[in-house]
Amino acid sequence: MKNIYILLPFVLGFSTVAKAQVDAVQKLDEVVISDTKLLDYANGIKIEILSDSIITNNATSLTGLLAFNSNIYFKENGFGMVSSPSFRGTNASQTAVVWNGININSQLNGQTDFNTINTSNYNSIAIRSGGGSVQYGSGSIGGSIHLNNNLSFTEHFETVIRTGYGSFNSKNLGFNTGFGSKLWTGNVAVSYLDSDNDYKYLGTSQVNENGEFSNLNLNANLGFYVSSKDIVKLYHQSYFGNRNFSGTLVGPSKSKYEDENFRTMLEWSRISGKFSSKVKAVHLHELFKYFENKDKANFSLGSVNTVLVNHNFNVRFSDKLQFKTIIEYSNTKGKGDSFKEPVRNAFSTTALLNHKLNNVVRYGINLRQDFTTGGERPFVYSVDAGLDLFEHYHIQINGSKNYRIPTFNDLYWQPGGNLDLVPESSYQIDLGQHFNYPNFNVKLNGYYINTKDMIQWVPDNTGIWSPINIGEVASYGAEVEVKSHYTINKNQFNFSGHYSYTVSEDLETNKQLIYVPFHKGNLSVSYGVKRFTLRYQHMFNGDVSILGNSLSEYDFGNLNMSYLFNLTRETKLTLNFKVNNLYNTYYENVALRPMPNRNVQVQTIIKF
């Protein structure tokens, strides 16, 4: 009963469980998560799991967290605006965001806006590098980000309250509480963020006008043992966003964007000896309103509802061999002013094999066949292996075929949609070396990705933008990840750093794709003694190409100081003071959209 992982749930009703069942429950892992295949079927895959302390001590937006703690490059249309990742030289719709095992990329544009994800609502965030379409479906080409809510089946009750205030009248408030026993558990999280976002454009007399934004995130997760073999869980997340779209150096803006996302998943897990199964019923809802002029009542509207049923069955033949099958069906319905009422039905079958051949070699073979409305039938596969050659030296290698199907916007947007689009297909190989020591570890990876039939929006001869399948794009490069920690007497030192060299070029023009830097790096250094901690972060982004020009490289740093007060035996208060953009550096992440100058934030965290 060892590898039993699960989700966050809440269930109406719970029958009495006998003492014999309690004894059986105690044999289960204390923490139950949903997405078992993330680690169980990833012998040759590079996966970086961000610790609780990293999540707590970084920005609450997923953009801010990953920009300083991964190799992923982000472009933002101004601070707090739309944030798009480039993972290993791919575009935003080729990076999957996975919520408790479910791909939640928008059915409209194929992306997730990383500024809409509040990281304080999750206790586990993982970065999976490379193709993952077999496990996670359309869009998992460059890599995937995994947002997990772990459930702890132990006697516990704990609460965390966060309050913060900073420059540009920025306010944030967070509340997290977890509770449970050996038979049931739950957690609830609420977070709110609000900012005038009216920072000054350095070197000019202008300010970031029309940049106000606010958002509210609600999470609730519950789980119950209904017998010694059965667990029922419910996960729910709600997001409400309201933000103006700021202008540029050369043009003002009066536009506004309101959006909401609801995600609900009910899961039933059954574990019986060597066999385990899960049934998931999921509802995903997304809605947006776009106002060209926020002072007028006119707006364009769009919404999508997805109903998804997923069943997976796992057989553990021995400690060395296990096999999983996954069957999934989804029905997606859209409705909008610009794309009418499209419908997509999708069905997929997946088979995963994980085998430990001996004490040195572990490998996996994975297959997936999709069937979707419109006749697309992507067949994808992956092979991966891990080699434990020495005590401190490991090799990981994987190869895969991946895909991305056209979105509703690609197919049906009026004017411009193109019903003749075919799915993107991608082939890639990844080789990694891992040097692991008690206080120091290094990961070195090299990869090559070839993508055909890439979907790109271009203007036609009438000036209307429309998506087409273009030629081939090749992305290749190298990544370095370093982590180290030492304790000398009562002094604690931590260091982490990432560097990536990325080439992503159109093979017809032999030119680097826009907004993909050749060089990107970041580092974090912290020093702690007793209850005081000092942290420093630094980021470097190289030049990027834009249409007809380029944006200059930039680097900047952040400084954070914190002190822990023990108010009572059970109550602790942490006071944080942070200076962002310490050197007051001018930089543009997107052309003509300056990012914030030096600014400060003060935050209190109470735990009891």
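The values are calculated or read from the model by the stated rules, or taken from the named source; none is laboratory data. Computed from a predicted model, the values in this text were never measured in an experiment. Neighbour counts are summed over all protein chains in view; Cβ atoms, including those assigned to glycine, are modelled from backbone coordinates with ideal geometry. Accessible surface areas use protein heavy atoms only, side chains included; no ligands, DNA or RNA. Shrake-Rupley method; radii C 1.70, N 1.55, O 1.52, S 1.80 Å.
With every protein chain kept in the model, how would you rank Lys182, Lys46 by accessible area, 1.4 Å probe, largest at the top?
Ranked from most to least accessible, the order is Lys182, Lys46.
With charges only on Cβ, +1 for K and R and -1 for D and E, what is the dipole size of the chain about its Cα centre, in debye, rounded to 20?
Computed about the Cα centre, the dipole is about 1740 debye.
With a 10 Å radius around each residue's Cβ, average the other Cβ atoms per peptide and rank 225-234, 598-607, highest first.
225-234, 598-607
With labels modelled as points extended 7 Å from the Cα through the Cβ direction, what inter-label distance (nm, one decimal) is found for Thr177 paired with Glu155?
For the pair Thr177/Glu155, the computed spacing is 2.0 nm.
Go through 276-286, 185-195 and give me the packing order, highest mean Cβ count within 10 Å leading.
Put in order of decreasing packing, that is 185-195, 276-286.
Which is farthest toward the positive dipole end of the chain among Val160, His355, Tyr583, measuring Cα position about the Cα centre, with Cβ charges +1 (Lys, Arg) and -1 (Asp, Glu)?
Among Val160, His355, Tyr583, the one farthest towards the positive end of the dipole of the chain is Val160.
Could you tell me which residue out of Asn489, Ile546, Leu592 lies farthest along the dipole of region 450-608 toward its positive end? Charges go on the beta carbon: Lys and Arg +1, Asp and Glu -1, centred on the Cα centre.
Asn489
Can you pull the one-decimal nm distance between simple spin-label points at Ser545 and Asp460, each 7 Å off the Cα toward Cβ?
2.7
Compactness ratio of region 439-575: Cα Rg over 2.2 N^0.38 Å, N = residue count?
1.57
Can you compute the charge dipole magnitude of region 190-237 about its Cα centre, using +1 on each Lys and Arg Cβ and -1 on each Asp and Glu Cβ, nothing else charged? Give it in debye, rounded to the nearest 20.
Around 440 debye, computed over region 190-237.
For the chain, what is the Kirkwood hydrodynamic radius in Å, using each pair of distinct C-alpha atoms?
Answer for the chain: a Kirkwood hydrodynamic radius of 25.3 Å.
For region 114-238, what is the accessible area per residue in Å² when the probe is 1.4 Å?
Per-residue value: 30 Å².
Give the distance, in whole Å, between the Cα centre of region 571-608 and the Cα centre of region 523-538.
About 15 Å separates the Cα centre of region 571-608 from the one of region 523-538.
Would you please give the FRET efficiency between Ile327 and Lys254, computed as 1/(1 + (r/R0)^6) with r the Cβ-Cβ distance and R0 = 51 Å, to the nearest 0.05?
FRET efficiency, Ile327 to Lys254: 0.60.
For region 204-275, what is the charge dipole size about the Cα centre, in debye to the nearest 20, if Lys and Arg each add +1 at the Cβ and Asp and Glu each add -1 at the Cβ?
Dipole about the Cα centre, nearest 20: 420 debye.
Which value in nm describes the separation of the simple spin-label points at Leu301 and Val315, placed 7 Å from the Cα toward the beta carbon?
Here the answer is 5.1 nm between the modelled labels.
From the phi of every residue in region 550-557, what ³J(HN,Hα) in whole Hz does the Karplus formula 6.51 cos²θ - 1.76 cosθ + 1.60 yield, where θ is phi - 60° and glycine or proline is x?
8, 9, 6, 4, 7, 8, 7, x
Could you order peptides 88-95, 398-405 by the average number of other Cβ atoms within 10 Å of their residues, highest first?
The most tightly packed comes first, giving 88-95, 398-405.
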